[in-house]
Amino acid sequence: MNKTKLQAAIIAMSLVIGGGTLLPYNTPASAASAISTNAGISVQQAVERLAEQGIIQGTGDGKLHAERFVTNAEFIKMAVLALILKPDIEKVPSPQVKWYEAYVKAAVTGGLLEADEAFVPNKQALGAELPQMIAKALQRDVKSVQYWMTALQIGQDHLTRGQASQLLLLSQQAVRSESAAIVSVKALNKITLEVKLDRPMTLEDETTAAAQANFALSNGIKLVNQPRLKTGSTATYIVPVQTMKPGEVFTLTYKGKQAFRVASGSEDIQLKDVRQVSSDTFEVTSLREEGVIDYGYVISAYAGGRGANAIVLEEDNSYNGQPLQIISSLASRQAVLTPEGGSPITVNYVGFTQSTDGKQEPKFRLPAGMKLQPGVTYAVTSDWFELKNNTFTAGLIEPLRIDAAANIDGASISVTLAADPGDELFAYRSVQLKGTDGSVLTAQYRVQTRKGTTGIFDLQNGAKLVPGMSYEVTPVGEWATADGVKLTTS
């Protein structure tokens, strides 16, 4: 990593007060005083900091020896103490009780290690083995820890005391806390806030229900989904909210203790095109190269499953020098579809379709029973996005064809199409199962389970397939056809 990129990475990992539209009042001094630049300190400073905390000690010559390699046992002790994993050190070391045993047990309990039986205490610690350990301890993603290590120039080989100290000091900023406090707030666009805290929230506080209670916004604005940690940050969140009205200033109150006045976002998400994908569904699209990215590619929660499409944004939300607009969660979002010469139709976002294959392609569906009329030109508008090309002429698209179905476990079935749709066209669709005894069951698609032609459908309302029963499988609605598709349980 060159010097410029290293400096940018360090800045991205440091929590810095400020940011555009923030107008704070009643900001506690504790939040500001908790800001740290531990990501940029030297190895010598790092070991001195940990020595001050009582986590490491000097040797007989009174020196801390930042350059010395650490063993697995030494690193586990440092990590357990630095990340507050509370070792039970009541037992006095003896030939039967090794000095590191309490720390290893605490590491297993805290998730750093899977089992103490496989632990090799006197082996020199390797950088390659740290990301999984630190990520588990922090309840975070591996990609973020790897990013921190790259910024600190920690490689895959043997680890020194100084390097371990640098990484653990930075990791301390990412320890979750019930008393996490907001440092800054700004609107990124009409539907997205970026909120920086001095520490990450607990997993419970990150849930949708808790966040909606803890983040109280004025002007009738509400969170539409849970806050999500940005990959590579210590405690910066992407927070999806209802569409803000440009020019307004609203108040955000956190846990009834902190209050901020924030200027509403004014930017529409800039999308490129629209196309029909079925008789009742269309999608709007854009590419990363065009300056737009879905939050699914930049948040810790999804980093592990997005492969090479997952990235770490710089502090200003740019990537390789290109500023990117972030599309936050589209839960409950809507758009307006207007047929030429007709009345506007409100259409709803189809959940879990906003990002696939590295692209942004959220889908919208007409109300139940309505279809796009072939030959009619439609215009798509919204209060939160703007399309470069916002019209399309509907065509006749044949429904999908169900070719087979099979029992999985009595509560779920697989449904296989005659051809791979190449897209999430199963989303929010259902099938009906009619048993030979006259019973009728309904199964709904389990989002994001499609692999090629096959997706998983879950029986609703706790229903179970009856052993030895034969069922006829048909689609609910006109999204697909099925000709004599049978499913027989064993």
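Screening Leu425, Leu417, Leu387 for residues that are in the same structural domain as Thr285 (by the TED database) and either within 29 Å of Leu372 (Cβ to Cβ) or in contact (Cβ under 8 Å) with a residue 60 or more places away in the chain (or both) leaves exactly one candidate, Leu387. Do the conditions hold for Gly358, that is, is it at positive phi and either in contact (Cβ under 8 Å) with a residue 24 or more places away in the chain or out of contact with any Ser or Thr (no Cβ under 9 Å at 6 or more places or on another chain) (or both)? Here the answer is yes, as Gly358 does meet what is asked. Taking the stretch 122-153 as the range and being open to solvent by 30 Å² or more (accessible area, probe 1.4 Å) and over 18 Å from the mean Cα position of the chain (by Cα) as the test, the residues that pass are Asn122, Lys123, Gln124, Leu126, Ala128, Glu129, Thr150, Gln153.
What helices (runs of 4 or more DSSP H) lie completely within the stretch 117-211 and have 2 or more residues being aliphatic (A, V, I, L, M) and farther than 24 Å from Tyr100 by Cα?
Values: elements: 130-138, 142-151, 161-172, 203-206.
Qualifying helices (runs of 4 or more DSSP H): 142-151.
For residues that are without any contact (Cβ under 8 Å) to a residue 24 or more places away in the chain and over 14 Å from Arg275 (Cα atoms), tally how many sit in the stretch 361-384. First the steps, then the outcome.
First pass over the stretch 361-384, keeping only residues without any contact (Cβ under 8 Å) to a residue 24 or more places away in the chain: 367, 369, 374-375.
Filter again for over 14 Å from Arg275 (Cα atoms), leaving 367, 369.
Number of matching residues: 2.
Just checking, does the stretch 127-136 include any residue being under 25 Å from Gln53 (Cα atoms), assigned by the TED database to the domain that holds Asn72 and charged (D, E, K, R)? For the stretch 127-136, residues under 25 Å from Gln53 (Cα atoms), assigned by the TED database to the domain that holds Asn72 and charged (D, E, K, R): present. The set of residues from the stretch 318-340 being open to solvent by 10 Å² or more (accessible area, probe 1.4 Å), at pLDDT 95 or above and outside any strand (DSSP E or B) comprises Leu324, Arg333, Glu340. Within the stretch 95-110, if we keep just the residues that are at pLDDT 85 or above and part of a loop (DSSP other than H, G, I, E, B), the residue that is nearest to Ile134 (Cα to Cα) turns out to be Tyr100. Residues that are open to solvent by less than 20 Å² (accessible area, probe 1.4 Å) and closer than 25 Å to Ser328 by Cα within the stretch 355-381 comprise Ser355, Gly358, Gln360, Glu361, Pro362, Lys363, Phe364, Leu366, Val380, listed in sequence order.
For residues in the stretch 382-402 being in a loop (DSSP other than H, G, I, E, B) and under 32 Å from the mean Cα position of the chain (by Cα), which is surrounded by the fewest Cβ atoms within 10 Å (Cβ to Cβ)? Can you show your working first?
The initial filter retains those residues of the stretch 382-402 that are in a loop (DSSP other than H, G, I, E, B), namely 382-384, 388-390, 394-399.
Narrowing further to those that are under 32 Å from the mean Cα position of the chain (by Cα): 382-384, 388-390.
Values: Ser382: 22, Asp383: 15, Trp384: 20, Lys388: 11, Asn389: 13, Asn390: 18.
Looking at residues that are in a loop (DSSP other than H, G, I, E, B) and under 32 Å from the mean Cα position of the chain (by Cα), I get Lys388.
Which residues, taken from the stretch 422-447, are surrounded by 16 or more Cβ atoms within 10 Å (Cβ to Cβ) and outside any strand (DSSP E or B)? Asp423, Glu424, Leu425, Phe426, Ala427, Tyr428, Arg429, Val447, listed by residue number.
The number of residues in the stretch 154-176 that are open to solvent by less than 30 Å² (accessible area, probe 1.4 Å) and without any contact (Cβ under 8 Å) to a residue 60 or more places away in the chain comes to 2.
Return yes or no: is Thr489 in contact with a Pro (Cβ under 6 Å, 6 or more places away or on another chain), surrounded by 13 or more Cβ atoms within 10 Å (Cβ to Cβ) and more than 30 Å from Val284 (Cα to Cα)? When the stated conditions are applied, Thr489 passes them.
Every listed requirement among (1) in a loop (DSSP other than H, G, I, E, B); (2) open to solvent by 50 Å² or more (accessible area, probe 1.4 Å); (3) touching a helix residue (DSSP H, G or I) at 6+ places or on another chain (Cβ under 6 Å) is met by Tyr302 save one, (1). For the stretch 188-223, the set of residues classified as hydroxyl-bearing (Ser, Thr, Tyr), free of Cβ contacts under 8 Å to residues at least 40 places away in the same chain and out of contact with any Asp or Glu (no Cβ under 8 Å at 6 or more places or on another chain) consists of Thr207, Thr208, Ser218, listed by residue number.
The values are calculated or read from the model by the stated rules, or taken from the named source; none is laboratory data. Keep in mind the model is a prediction, meaning the values are calculated, not measured. FYI the Cβ positions are ideal-geometry reconstructions off the backbone, even for glycines, and counts take in every protein chain you see. Surface areas here come from the heavy atoms of the whole protein model, side chains and all, with no ligands, DNA or RNA. Shrake-Rupley method; radii C 1.70, N 1.55, O 1.52, S 1.80 Å.
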